[in-house]
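Comments concern the structure below.
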Amino acid sequence: ELYSRNYIINSEGYLYLPEIKDFYAQGKTINELKNELSEIYKEFIFNPEIDIQIKAYRPVSIYISGEINKPGLYNISYEPLIRNKFSDEFASFQVPRLFQALKLANGFSNNADITRIKIIRENNISQGGGKIKAEINLLGLFTEGDQNNNIKLFDGDSIFIPKSDFSIKEQILAINRTNVTSD
């Protein structure tokens, strides 16, 4: 019973747990946490069974720059979707996505190239760590409603909207017909 309760990861990325006290959890996946905690708790508990569930998410902090109307640092919250039948807690959350971030930054400038949006992200330790970069083409989202490139955002993501070498009329018309800009 001492071990079965809700624990909070503090702003420095630590969990305070029985027996082991401060445990650094920031940047680790649920599986990484389970594996590490199972190994540590073998010293205190015979055959420990670690089960980790996320009860609530803190907002993700992202940075947007380049050809965007309001560049800067933004916090985007997970939106609760489905309430748990047995408690007042939420069982499902809507993950922050690229379109949501672009909308918060009040949309693109007229010189934006939405076919080459760059995302820089911290890679999980289990996948080698370091930074990974991706190039996203969002034109299909605006012209056809294609959600495939409306990627999930993670804490610490940096989004860069490059300048187009030439004005792409189709891009600008597609953007201006959507709700990404408030004007």
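At a Förster distance of 25 Å, what's the computed FRET efficiency of E144 paired with T29, Cβ-Cβ distance as r, to 0.05? If you can, show how the numbers build up before the last one.
Working: r = 33 Å, r/R0 = 1.31.
The formula returns an efficiency of 0.15 here.
Could you rank D51, D146 by how accessible they are, 1.4 Å probe, largest area first?
Of D51, D146, the descending order of accessible area is D51, D146.
A Förster radius of 45 Å combined with the Cβ-Cβ distance from E39 to R116 puts the calculated FRET efficiency at roughly 0.55. Efficiency by 1/(1 + (r/R0)^6): what FRET value for K152 and R5, r their Cβ-Cβ distance, R0 = 35 Å, to the nearest 0.05? After rounding, the FRET efficiency stands at 0.75.
Spatially, region 140-164 and region 103-136 are offset by 7 Å when compared through their Cα centroids.
Extension gain for Y14-S77 works out to 20.6 nm (0.36 nm per residue, less the C-alpha to C-alpha distance).
The accessible area of I161, taken with all protein chains in place and a 1.4 Å probe, comes to roughly 0 Å². Note on region 103-160: Kirkwood radius taken over Cα pairs, Stokes-Einstein applied at 20 °C and 1.002 mPa s, translational D equal to 168 µm² s⁻¹. Straight-distance candidates among the lysines for linking to K21, with alpha-carbon spacing under 18 Å and chain neighbours fewer than 8 residues away dropped: K34, K42.
Of the residues E49, E36, the one with the largest accessible area comes first in the ranking E49, E36, computed with a 1.4 Å probe on protein heavy atoms. Listed by chain and number, the lysines placed with their C-alpha closer than 24 angstrom to that of K70 are K103, K118, K133, K152, K163, K169; residues fewer than eight positions away on the same chain are left out.
The values are calculated or read from the model by the stated rules, or taken from the named source; none is laboratory data. As the structure is a computational prediction, the values presented were derived from the model and not from experiment. All Cβ positions, glycine included, derive from the backbone under ideal geometry; neighbour counts span all protein chains shown. Please note that ligands, DNA and RNA were not included when accessible areas were found on the heavy atoms of the full protein model with its side chains. Shrake-Rupley method; radii C 1.70, N 1.55, O 1.52, S 1.80 Å.
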